Amino acid sequence: RGVDKGGYDLRDAVCSWAYDHVDDLSRYIPDGYTRVIVRSSFQSIFTRATAIIAALVCVAIGLTEFYTKKYRETKPMKRAQVTFLELNLFGFLLLALGAGLITADPTLGTCTASSWLVNVGYTLSLTPLLVKIYAINLISHKSR
């Protein structure tokens, strides 16, 4: 308000017109509009099962990380490049945490965090693999 020097702000004009012609406008509004949001329980058997699976995956990733650190000096682990394995595991951990957050009650924080965790998790789990494949392709093409 107070923007238009003539005193006819657009919002005020539209709202006044809509208030004066509400009977005419109601013919064009579909049935069921404005919808009433009915909140139901977000917790179901599927959400709980997803949370349990996400927790089990986090435990499995933790155990895998433990054994990766424990056997990092062995020949197969050195050849597999432990840094790439750890990046993959960290990415999969973020994915599992994101899946666990999706099962929580939806709030702005849980929705934002789950989206970020899933996207960053996919990036960290797939990028090392793609870099490793690229390096192998370079080596194989240069050997020809």
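The values are calculated or read from the model by the stated rules, or taken from the named source; none is laboratory data. This is a predicted model, so every value here is computed, not measured. What goes into the accessible areas is simple: the full protein's heavy atoms, side chains included, and nothing from ligands, DNA or RNA. Shrake-Rupley method; radii C 1.70, N 1.55, O 1.52, S 1.80 Å.
Given the rule -39500 (n - 2.57) for each run of at least 4 DSSP H residues, summed and divided by the residues of the chain, what is its mean residue ellipticity at 222 nm, to the nearest 500 deg cm²/dmol?
Computed ellipticity for the chain at 222 nm equals -24500 deg cm²/dmol.
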- Task: Helix by helix through the chain, keep the DSSP H runs that span 27 Å or more along the axis on Cα and average at least 0.0 on Kyte-Doolittle, and give those back in order.
- Result: 45-70, 82-102, 108-142
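Probe of 1.4 angstrom, ligands and nucleic acids ignored: what's the accessible area per residue over the chain, in square angstrom?
82 Å²
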- What percent do you get for the relative contact order of the chain when only Cα pairs under 8 Å and 6+ apart count? 20 percent
- Carbon/sulfur fraction of accessible area - the chain, other protein chains in place, 1.4 Å, %: 66 percent
- Task: Return the aspartates and glutamates within reach of residue 70: Cα separation strictly under 18 angstrom, same-chain partners fewer than 8 residues apart disregarded; answer none if there are no such residues.
- Result: 86
